[in-house]
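This report concerns only the one structure given below.
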Amino acid sequence: MKQKRLYHNTSLCDGCGLCQLVCALEHCGQWNHYQSRIKIVNDMEREAFYAVCCTQCEEAPCILTCLMNTIYKQPGSDITVRDLYHCIGCRACELACPFDAAVFDVIQEKVVNCDLCGGRPLCVEYCPNHALTYDYPGDQADKKRNQAALQRFGTSLLEVFKFSGKEA
Amino acid sequence: MRIIIIGNGAAGNQAAQTIQDYDPEAEITILGAESIPFYSACALPDYLAGWIKRDQLFLRSSLERHRVEIRLGQAVEDIKPDRQAVSAGGELLFYDRLIIASGSRPVLPNIPGTGLPGNFVIKSVYDIDRILSHNPRRIVVIGSGNIGIEAAEALASRGCQVSIIEMMPRIMPRLFDEQPAMLIRNILEENGIEIHTGEKAREVIGKNKVEGLITDCRRISCDAVIWAAGVRQNTELARAAGIEIGGLGGIKVDSQMKTSHPAIYACGDCIETSDLLTGKPALCLLWSCAKAQAEVAARNCLGEEIVYPGALKLIAEEAYGKPCMAAGLLEEELDRTGLKIIEKETENTYHRILIKNERIMGIQAVGSMEAMGPLLYFMKKMIAPSEIKRIINSPALLKNMPWMLAIDKYWQ
């Protein structure tokens, strides 16, 4: 099943960190960006902000590494979820994650990852610059194409296809 | 297809899970010698310390009961490869494919007194129950692998007085090099655990129960001895069935987890595989390796051709709140020629990276595990350090990754 994902537009982000605070408040009740499941990294050389967040890998290394089999793919979708009851906080998944996106929650003493807030991510809702979006992977690609078409030809992609006589 | 899995541990369950995911029609039977459901052996020290409850040990399983038959408390008596059958509980069960995941067992040395009550191992839930009901106050842990260290810390947190006896000159000799091992030793000793290295246990003394332990150079009075001095593969079944055993004592398998017999596969603690970094035969008795091997074995069983790349040693440990990790090889396991050791020590953290022939061969860290995941992947994918610099060419990212400060020296 196709699942919506989080997307971050680097050119719109100004690194205010509101998404981190909202995330921490929602999941741990703390106004503290260390507890956030999404991290904003400041790359000063390229003058950009990147969002680091669980990418919901298809073959997730954290699932194989987990000592307690707490991490699994949600049946019916492809979201990586955790059953925190069994988690012993060994941090093996934190080590295995190639994106450094598993976060150690110091209050619960367990490792957590982004759960997309059950389908309504608060970080997207609160992002003041609309840099974060929650979209289907295909839709996101279409939007990017449209944007490129808009920049190059001044019209949307649909119009470009009409003009060139091709089916969109 | 009828598939029989011997062993109800991490590898056995992962194999059943994979078969269930890939082939909905396969009939799976799991034969477990212990009569308790699937639990995590890695969390046993946490249970010993009382940090988790007993029911938290038993793991979530998404095996469907109508397709997977789990027979607990039924040890396999023997395997008959020529008839494609195993006998368990006086019954003959036929298979098309057999997966052996019989695991390992702790070894007790052949010295006097190990039969007295008060000698324990840490392998199953029952062992922990026995230790808890014995309620010891003064304990000697023999062996300082990760099980030994974790058990010592767990018992110390219960208020027991704990001593560790290690035969080698440093603690965790198979996991860490000398300097990081020294740092971990200091952390443990600061918290009141007594450590004696370079000593060998000679005798357990006592009349009706354990009263003390005699080593090469001292006598320690104690009321319990915990043996954490290594494990041995359970290969008796395979050996009796005529399956080839490797030089290191595990069942010999090829890269597809196939044994010398075509319809029999093996995975988990009981096999010997090759090392990911050197390609030499190696034993890898770790949970994550067992799961990866089980997945490969299960898929090959169903007719796919998947190759297991090799085992990578990866240990994550917490010593009194300080995260420690080790991956890959040690300094002494590598050839000296062309070996570069990068060390970076700050007040709270220590990083050590071993580089040989432009490849990262080993990583050890004490005090910080931040951003180690990417470095681990650079090691797994064999990316040269110069290439890493090209990929992460930003001072800001460098600041976020403590190990980058260490590897920075190498670039200059």
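Values quoted throughout were computed directly from the atomic coordinates according to the rules given, and no laboratory measurement underlies them. All figures in this text were calculated on a predicted structure; none of them were measured in a lab. Using ideal geometry, Cβ is built from the backbone for each residue, glycine included, and neighbour counts are taken over all protein chains shown.
With springs only between Cα atoms under 10 Å apart, run a GNM on chain A and tell me which of A:Arg152, A:Arg91, A:Arg82 wobbles the most.
With Cα springs under 10 Å in chain A, the top fluctuation among A:Arg152, A:Arg91, A:Arg82 is at A:Arg152.
What distance in nm lies between label points placed 7 Å from Cα along the C-beta direction at B:Lys53 and A:Lys143?
4.4 nm
Give the average, rounded to an integer, of partner chain Cβ atoms located within 10 angstrom of each Cβ in B:279-291.
Values: counts 0, 0, 0, 0, 0, 0, 0, 3, 8, 9, 1, 1, 6.
Other-chain Cβ atoms within 10 Å of each residue's Cβ, averaged: 2.
For B:Lys389 and B:Thr337, what does the FRET efficiency come to when R0 = 25 Å and r is the distance between their Cβ atoms, rounded to the nearest 0.05?
Details: r = 24 Å, r/R0 = 0.97.
The computed FRET efficiency comes out at 0.55.
Over the whole of A:62-75, what's the average partner chain Cβ count within 10 Å per residue? Rounded to a whole number, please. Show your work: numbers first, answer last.
Values: counts 1, 1, 9, 7, 6, 12, 11, 12, 3, 0, 3, 1, 0, 1.
Average neighbour count from other chains, rounded to a whole number: 5.
Would chain B count as rounded, prolate or oblate if I go by the C-alpha gyration tensor, calling it rounded below 1.5 in a/c and otherwise prolate when a/b exceeds b/c, oblate otherwise? It would help to have the intermediate numbers written out before the result.
Working: a/c = 1.88, a/b = 1.13, b/c = 1.66.
Judged from the Cα gyration tensor, chain B comes out oblate (a/c at least 1.5, b/c at or above a/b).
Please give the charge dipole size of the protein assembly as shown, origin at the Cα centre, charges +1 on K and R Cβ atoms and -1 on D and E Cβ atoms. Round to the nearest 20 debye. Intermediate results must be reported in sequence, preceding the final value.
Values: 63 positive and 71 negative charges, 27 e Å.
With Lys and Arg at +1 and Asp and Glu at -1, about 140 debye.
So how far, in whole Å, is the C-alpha centre of the range B:299-346 from the one of the range A:1-40?
The two parts, judged by their Cα centres, are 32 Å apart.
Could you give the angle, 0 to 90 degrees to the nearest 10, between helix A:137-153's Cα long axis and the longest principal axis of the Cα atoms of chain A?
The angle comes out near 40 degrees.
Pick out which of A:Ala131, A:Ala141, A:Ala51 has the largest mean-square fluctuation in a Gaussian network model of chain A, springs linking Cα atoms closer than 10 Å.
A:Ala141
Using 1/(1 + (r/R0)^6) with R0 = 45 angstrom and r between the beta carbons of B:Glu236 and B:Gln161, what's the FRET efficiency to the nearest 0.05? List each step's numbers first, then the result.
Numbers: r = 38 Å, r/R0 = 0.84.
For R0 = 45 Å, the calculated efficiency reads 0.75.
Sorted from fewest to most neighbouring beta carbons within 10 Å, what does the list B:Lys123, B:Lys207, B:Lys389 look like? Intermediate results must be reported in sequence, preceding the final value.
Working: B:Lys123 19, B:Lys207 7, B:Lys389 15.
In increasing order of surrounding Cβ atoms, one gets B:Lys207, B:Lys389, B:Lys123.
Arrange B:Met382, B:Met372, A:Met44, B:Met401 by Cβ neighbour counts within 10 Å, fewest through most, would you? Provide the component values of the computation, followed by the final result.
Working: B:Met382 14, B:Met372 26, A:Met44 11, B:Met401 20.
The fewest-first ordering by Cβ neighbours comes to A:Met44, B:Met382, B:Met401, B:Met372.
Residue by residue through the range B:384-391, what is 3J(HN,Hα) from phi via Karplus (6.51 cos²θ - 1.76 cosθ + 1.60, θ = phi - 60°)? Round to whole Hz and write x for glycine and proline.
5, x, 5, 5, 4, 5, 5, 5
Rounded, prolate or oblate: which one fits the range B:1-131, using the alpha carbon gyration tensor with axes a ≥ b ≥ c (rounded when a/c is under 1.5, else prolate when a/b beats b/c, else oblate)?
Taking the square roots of the gyration eigenvalues as a ≥ b ≥ c, the range B:1-131 is oblate.
Under a 10 Å cutoff between Cα atoms, tell me which one of B:Ile131, B:Ile111, B:Ile306 has the largest fluctuation in the Gaussian network model of chain B.
Its mean-square fluctuation being the largest, the pick is B:Ile111.
On a C-alpha basis, how far is the centre of the range B:141-198 from the centre of the range B:221-280 in Å? Whole number, if you could?
The distance from the Cα centre of the range B:141-198 to that of the range B:221-280 comes to 26 Å.
R0 = 51 Å: FRET efficiency of B:Tyr320 with A:Arg120, Cβ-based, nearest 0.05? Spell out each step's value before the answer.
Details: r = 40 Å, r/R0 = 0.79.
For B:Tyr320 and A:Arg120, the calculated efficiency is 0.80.
Strictly over 19 Å apart at the Cα level, which of A:Lys144/B:Lys389; B:Lys344/B:Lys381; B:Lys123/B:Lys258; A:Lys2/A:Lys73; B:Lys280/B:Lys313 would you flag in this model? Present the calculation step by step, with values, prior to reporting the outcome.
Numbers: A:Lys144/B:Lys389 30 Å; B:Lys344/B:Lys381 23 Å; B:Lys123/B:Lys258 27 Å; A:Lys2/A:Lys73 14 Å; B:Lys280/B:Lys313 13 Å.
Distance filter (> 19 Å) returns A:Lys144/B:Lys389; B:Lys344/B:Lys381; B:Lys123/B:Lys258.
Simple spin-label model, 7 Å along Cα-to-Cβ: B:Lys200 to B:Arg137 in nm?
It works out to 3.3 nm between the two label points.
When a/c reaches 1.5 or more, the comparison of a/b and b/c decides; with that in mind, is chain A rounded, prolate or oblate per its Cα gyration tensor? Don't jump to the answer; show the numbers that get you there.
Working: a/c = 2.51, a/b = 1.70, b/c = 1.47.
Since a/c reaches 1.5 and a/b is larger than b/c, the shape of chain A is classed as prolate.
In chain B, which Cys residues have no partner Cys with a Cβ closer than 4.7 Å?
B:Cys42, B:Cys160, B:Cys217, B:Cys222, B:Cys267, B:Cys270, B:Cys301, B:Cys324
Just report the Cα centroid separation between the range B:352-374 and the range A:66-118, whole Å.
23 Å
Taking every residue in A:90-103, how many Cβ atoms of other protein chains lie within 10 Å of its Cβ, on average?
Values: counts 10, 7, 10, 3, 8, 13, 7, 5, 8, 3, 8, 1, 1, 0.
Taking the mean over all residues of the peptide, I get 6.
For B:Ile52, B:Ile391, B:Ile220, what ranking results if the residue with the fewest other Cβ atoms within 10 Å of its Cβ goes first? Numbers along the way, then the final one.
Details: B:Ile52 21, B:Ile391 11, B:Ile220 17.
Ranked by crowding around the Cβ, least crowded first: B:Ile391, B:Ile220, B:Ile52.
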